[in-house]
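> Please see the structure below; I have some questions.
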Amino acid sequence: MYFQNFRFHAVFWPAFLMACNMEPPKGILCHSHWLMNHEKMSKSKGNVIDPFDRIQRYTTDGFRYFLLKQGVPSTDSNYSDDKVIIYLNSDLSNSLGNLLNRSVSKSINKSAQYPDFDYNVFVETASADDLRMVESLQQLSEQVGKHYEDFNFYKGIDCIMSQIRDTNRHFTTHQPWELAKDPKQERHLLNVLHVTLETLCVCGILLQPIIPTIAGNLLNRLSVDTQDLGLKEACSPGLVNSNNDKSGSTRPGRLLSNDNAILFE
């Protein structure tokens, strides 16, 4: 509901419903304007956006992603085709898609498997940033779920993409392409792959309300069962465990799908 209609929907309409012995709405979401290049959209100015044209241009998921990332309920949001392209290339193609492609590469993940996790080896090879990254992943589901419940989808997206960027840095820093050349580094390599794939799985689950098709393709590539797609499964209880108890995660050991579909281009 646009804020200029607030009085009718928040005062008059509930009063009408109550007069008819009907239950009024439990909550009202009030949003602001969408601007076009920082100007109010107007047919006379010719700066109106055709959503069907943009869906054809950026795909349904791409357009959804931009609107939910850029749209802020409390302030006017600005639409720009240039910004759409920047967001989609930076977040969906370069960050999310690139991380998936690198972690399932046959030259690195030779068994095409979701490897298990060895906490003791991880601690030996992890930096302070690595430890913070894994701790952040443990909390991601709760944080994003709260933002979604509050209709602050842009905050949830920011949390997810921050996690993806941190994991990309982790992947690059540990250089699994070099680890794959040394049999003595196999356990280190498997840990890097596990953390990366676990992050992709968690983020894929959390991105389902935002980009359902892309998230579905991602989770399918990771061979995630359709019964494991809820917020509960977006937690990683077996990832950080000093006892190496893997009972909290059912994903390790699964073979990855051979579906090589590109997430976004």
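The values are calculated or read from the model by the stated rules, or taken from the named source; none is laboratory data. Nothing here was measured: the structure is a model prediction, and the numbers come from that model. Every residue, glycine as well, gets a Cβ built from its backbone with ideal geometry; the counts of neighbours run over all protein chains shown. Surface accessibility is based on the protein's heavy atoms, side chains included, excluding ligands, DNA and RNA. Shrake-Rupley method; radii C 1.70, N 1.55, O 1.52, S 1.80 Å.
> May I ask for the Kirkwood hydrodynamic radius of the chain, worked out over all distinct Cα pairs and given in angstroms to one decimal?
Details: mean 1/r = 0.0486 Å⁻¹.
Kirkwood hydrodynamic radius for the chain: 20.6 Å.
> With an 8 Å Cα cut-off and a minimum separation of 6 or more residues, compute the relative contact order for the chain in percent. Before the final figure, lay out the partial values.
Details: 313 pairs, mean separation 58.9, N = 265.
So the answer I get is 22 percent.
> Keeping all protein chains in place, calculate the accessible area per residue for region 37-86 (probe 1.4 angstrom), answer in Å². List each step's numbers first, then the result.
Working: 3080 Å² over 50 residues.
Each residue of region 37-86 exposes 62 Å² on average to a 1.4 Å probe.
> With charges set only on the Cβ (+1 for Lys and Arg, -1 for Asp and Glu), what does the dipole of region 83-217 come to about its Cα centre, in debye to the nearest 20? Could you put the intermediate results ahead of the total?
Numbers: 12 positive and 16 negative charges, 99 e Å.
So the dipole magnitude of region 83-217 works out to roughly 480 debye.
> Lys/Arg Cβ at +1, Asp/Glu Cβ at -1, dipole of the chain taken about the Cα centre: which of 131, 92, 59 is farthest positive-ward?
Going by the Cα projections, it comes out as 59.
> For region 143-182, give the magnitude of the charge dipole about the Cα centre (Cβ charges: +1 Lys/Arg, -1 Asp/Glu; no others), in debye to the nearest 20. Numbers along the way, then the final one.
On the way: 5 positive and 6 negative charges, 11 e Å.
Dipole size: approximately 60 debye.
> Per DSSP H run of at least 4 residues, take -39500 (n - 2.57); add these up for the chain, divide by its residues and hand me the 222 nm value, nearest 500 deg cm²/dmol. Intermediate results must be reported in sequence, preceding the final value.
Details: 11 runs with 125 residues, N = 265.
Dividing the helical sum by the residues of the chain leaves -14500 deg cm²/dmol.
> Would you please give the residues with an amide H less than 5 Å from that of residue 79, counting only those at least 5 places away or on a separate chain, with H modeled from the backbone geometry?
35, 36, 37, 38
> In the chain, once you exclude exposed trypsin sites (Lys or Arg not before Pro) (DSSP loop, at most 12 other Cβ within 10 angstrom), what's the longest stretch remaining?
Working: sites that count: 26, 43, 45, 106, 110, 181.
It works out to 182-265.
> Collect residues whose amide H, placed 1.01 Å from N in the peptide plane, falls under 5 Å from the amide H of residue 113; neighbours closer than 5 in sequence don't count.
Under 5 Å from the amide H of residue 113: 256.
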